[in-house]
1. Any idea how many residues of the stretch 21-55 are among the small types (Gly, Ala, Ser) and under 12 Å from Lys87 (Cα atoms)?
2. Find all pairs meeting these conditions: Cβ atoms under 9 angstrom apart; at least six residues apart or on different chains; first residue within the stretch 36-48 and assigned to a loop (DSSP other than H, G, I, E, B); second residue surrounded by 14 or more Cβ atoms within 10 Å (Cβ to Cβ).
3. Identify, please: which residue in the stretch 12-28 is touching a strand residue (DSSP E or B) at 6+ places or on another chain (Cβ under 8 Å) and outside any loop (DSSP other than H, G, I, E, B) and is, among those, farthest from Leu90 (Cα to Cα)?
4. Give the residue that is surrounded by the fewest Cβ atoms within 10 Å (Cβ to Cβ), with candidates limited to residues of the stretch 2-20 that are in contact (Cβ under 8 Å) with a residue 60 or more places away in the chain and closer than 12 Å to Ala81 by Cβ.
5. Could you go through the stretch 44-55 and let me know if any residue there is touching a Pro at 6+ places or on another chain (Cβ under 6 Å) and not aliphatic (A, V, I, L, M).
6. Restricting the stretch 60-94 to residues that are in contact (Cβ under 8 Å) with a residue 12 or more places away in the chain and exposed (fewer than 11 other Cβ atoms within 10 Å of the Cβ), which is farthest from Asp28 (Cα to Cα)?
7. Looking at His37, is it under 15 Å from the mean Cα position of the chain (by Cα) and surrounded by 12 or more Cβ atoms within 10 Å (Cβ to Cβ)?
Amino acid sequence: MDHANHVRLDIPELNETTLMGAVIYGPDNEKIGHVSHVFNDGVDCRVVIDVGGFLGIGSKPVELAARDLDFMRDNSNSVHATTRWTKAELKNMPEYTG
């Protein structure tokens with residue numbers, strides 16, 4: 001998927017309604033997970049990404065600042081994000097236990 005022409009989200013759009021379920025793509029354009037939780041205290045937005053697995057089984061939740069991901073909308077208005085981290089790097093991060 002070519003993300004170059006997708007519209008980047010503005011800061012006010014980084015909220016639970018917009019980000020829940022967004023697919024996350026790694027540096028090689030591989031689907032590596034999806035957003036499963038969003039925490040926005042009005043100052044900082046954080047997301048939990050379920051990395052890997054299949055249908056939620058075997059995935060590992062990791063927490064990141066939303067600003068560390070590049071959230072955007074594609075031509076069909078679906079929200080997704082890209083990250084500089086690979087699936088392996090995210091799986092090596094501490095597990096979110098909420």
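1. Here the count works out to 4.
2. The qualifying pairs are Asp44/Ala66.
3. Looking at residues that are touching a strand residue (DSSP E or B) at 6+ places or on another chain (Cβ under 8 Å) and outside any loop (DSSP other than H, G, I, E, B), I get Glu13.
4. For the stretch 2-20, the residue satisfying everything is Arg8.
5. Yes, the stretch 44-55 has at least one match.
6. Pro94
7. Criteria met by His37.
Rundown of residues vs (1) at pLDDT 95 or above; (2) under 10 Å from the mean Cα position of the chain (by Cα), yes/no style:
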{"residue": "Asp2", "(1), (2)": "no, no"}
{"residue": "Arg8", "(1), (2)": "no, no"}
{"residue": "Asp68", "(1), (2)": "no, yes"}
{"residue": "Ala81", "(1), (2)": "yes, yes"}
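The values are calculated or read from the model by the stated rules, or taken from the named source; none is laboratory data. Just so it is clear, the model here is predicted, and its values are computed rather than measured. We place every Cβ from the backbone using ideal geometry, glycine too, and count neighbours over all the protein chains shown.
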